[in-house]
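To keep things clear, I will list the structure first and then write my remarks on it.
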Amino acid sequence: MLDRRRFLGLSSLGLGSFSFSGFRSAPDIRKPIVISTWNEGIHANKAAWNVLGKGGRALDAVEQGVMVTEASQNCCVGLGANPDRDGYVTLDACIMDEYANCGSVAFLERIKHPISVARRVMEKTPHVMLVGSGAQQFAVEEGFPLEPGKLSDDAERSYRNWLKKSEYKPVVNIENGQKQTAYAPAKLENGNWNHDTIGMVAMDAAGNLSGSCTTSGMGFKMRGRLGDSPIIGAGLFVDNEIGAATATGQGEDVIRICGSHLVVELMRQGLNPEQACKKAVERIIKVKGIAKSKEIQVGFIAINKQGEYGGYCIQKGFNFAVCYADDQNFMVDGKYILS
Ligand code: ASP
């Protein structure tokens with residue numbers, strides 16, 4: 001258990017208030033359970049629940065769940081997403097199971113389901129990560145069709161808008177004061193979708209944990225830029241003895257603190273998922289400073305072995321979807337530290 005004085009010391013840094021009730025276990029203890037980032041998570045959870053509700057394996061649930069988002073043209077995950085600044089959509093994804101097996105692809109082009117390619121890397125190669133043309137070659141060898149590589153209408157429009165100024169200001173996931181409507185991702189004022197990622201973690205009826213994370217990364221990023229999402233330990237981490245966590249937001253800042261691994265290790269020390277996510281967000285703010293942290297968003301979500309769930313973010317606007325029954329699939333607003 002985390003030393004209480006140290007914990008109080010951190011909260012006295014002015015990084016948010018802490019209530020003693022936070023030490024108590026949250027009442028929501030469920031199994032099976034699946035949670036995922038942002039509004040699109042509702043649809044992804046539904047697909048994951050189709051697996052979990054029938055006694056299926058968490059690994060299958062987290063793959064099939066995020067495939068829904070990858071296939072959707074309505075958000076910034078998958079081939080419908082915003083391109084990099086050279087006009088190409090490049091995708092990153094990773095997956096991890098209850099045995100600490102993991103697979104990842106990054107800088108992958110023209111493949112509809114990077115998460116499934118990541119799973120093949122995990123299951124069919126001795127490696128964890130394949131990138132770029134090598135990842136694409138492997139996908140094609142595995143029978144994944146090579147898609148045309150044409151931008152979606154939304155992405156084409158956003159890219160043309162962006163090209164007018166071609167300003168290199170990659171910022172992700174700040175809600176820009178816009179209210180999200182249920183089941184629809186928020187758009188920035190310029191019309192761009194601002195969520196580029198879905199992260200999902202699940203526990204199945206057998207009590208086993210798995211997770212997945214898939215993204216197009218930041219819109220209009222430098223060609224070749226990778227964020228946290230395909231990096232095991234940063235965008236996703238699963239430890240079947242303890243819990244699972246995933247991240248969304250400014251990937252560079254998640255990588256800097258090995259974010260998802262940190263959340264799981266904090267749970268190992270006795271924090272519940274929400275407390276662990278909060279502490280990881282505090283770490284980012286500590287490293288980056290309050291002023292610079294106000295310019296970015298990062299959100300973590302996590303579940304533990306007891307089926308408790310939680311999430312936390314830097315600033316208002318992040319939410320996640322929680323599902324633990326046929327009729328229980330709902331959005332939760334992430335608590336935040338800076339306002
Ligand atoms: N974490 C992703 C990245 O940095 C972006 C996102 O979550 O929207 O690539």
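Report, by residue number, each residue of region 221-256 that is within 8 Å of the ligand (Cβ to nearest atom), in a loop (DSSP other than H, G, I, E, B) and either at pLDDT below 95 or touching a strand residue (DSSP E or B) at 6+ places or on another chain (Cβ under 6 Å) (or both).
Within region 221-256, K221, L226, D228, S229, G235, Q250 qualify.
Quick one: count up the residues across region 207-219 that are touching a Lys or Arg at 6+ places or on another chain (Cβ under 8 Å) and more than 12 Å from the ligand (Cβ to nearest atom).
Total satisfying the criteria: 4.
Look through I303, I296, I290 and report the one residue that is crowded, with 23+ Cβ neighbours inside 10 Å and out of contact with any Cys (no Cβ under 9 Å at 6 or more places or on another chain).
Checking each option against the conditions leaves just I303.
Kindly provide the set of residues from region 261-280 that are small (G, A, S) and either in contact (Cβ under 8 Å) with a residue 60 or more places away in the chain or away from the ligand (no atom under 16 Å from the Cβ) (or both), ordered by number. First the steps, then the outcome.
Step one: of region 261-280, the residues small (G, A, S) are 270, 276, 280.
Within region 261-280, G270, A276 meet the criteria.
Please find, among F330, F320, F300, the residue that is of a type in the set (A, V, I, L, M, F, W, C), outside any loop (DSSP other than H, G, I, E, B) and within 17 Å of G227 (Cα to Cα).
Criteria check complete, one pass: F300.
Select from region 40-62 the residues that are over 18 Å from the mean Cα position of the chain (by Cα) and closer than 18 Å to N240 by Cα and list them in ascending order.
L52, G55, G56, R57
For the list (1) farther than 25 Å from P32 by Cα; (2) modelled with pLDDT under 95; (3) of a type outside the set (S, T, N, Q), I need the number of the one condition that K288 fails.
Checking K288 against (1) farther than 25 Å from P32 by Cα; (2) modelled with pLDDT under 95; (3) of a type outside the set (S, T, N, Q), the one that fails is (2).
Only one of these is farther than 30 Å from Q306 by Cα, away from the ligand (no atom under 14 Å from the Cβ), aliphatic (A, V, I, L, M) and modelled with pLDDT of 85 or more: V140, V128. Name it.
V140
Would you confirm whether any residue within region 114-136 is crowded, with 17+ Cβ neighbours inside 10 Å, of a type in the set (S, T, Y) and part of a loop (DSSP other than H, G, I, E, B)?
No: zero hits.
Residue-by-condition table, conditions (1) at positive phi; (2) among the hydroxyl-bearing types (S, T, Y); (3) free of Cβ contacts under 8 Å to residues at least 12 places away in the same chain:
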{"position": "A48", "(1), (2), (3)": "no, no, no"}
{"position": "K54", "(1), (2), (3)": "no, no, yes"}
{"position": "E63", "(1), (2), (3)": "no, no, no"}
{"position": "T69", "(1), (2), (3)": "no, yes, no"}
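The values are calculated or read from the model by the stated rules, or taken from the named source; none is laboratory data. These numbers come from a predicted model, not from an experiment. Counting neighbours? That spans all protein chains shown, and the Cβs are built from the backbone with ideal geometry, glycine included.
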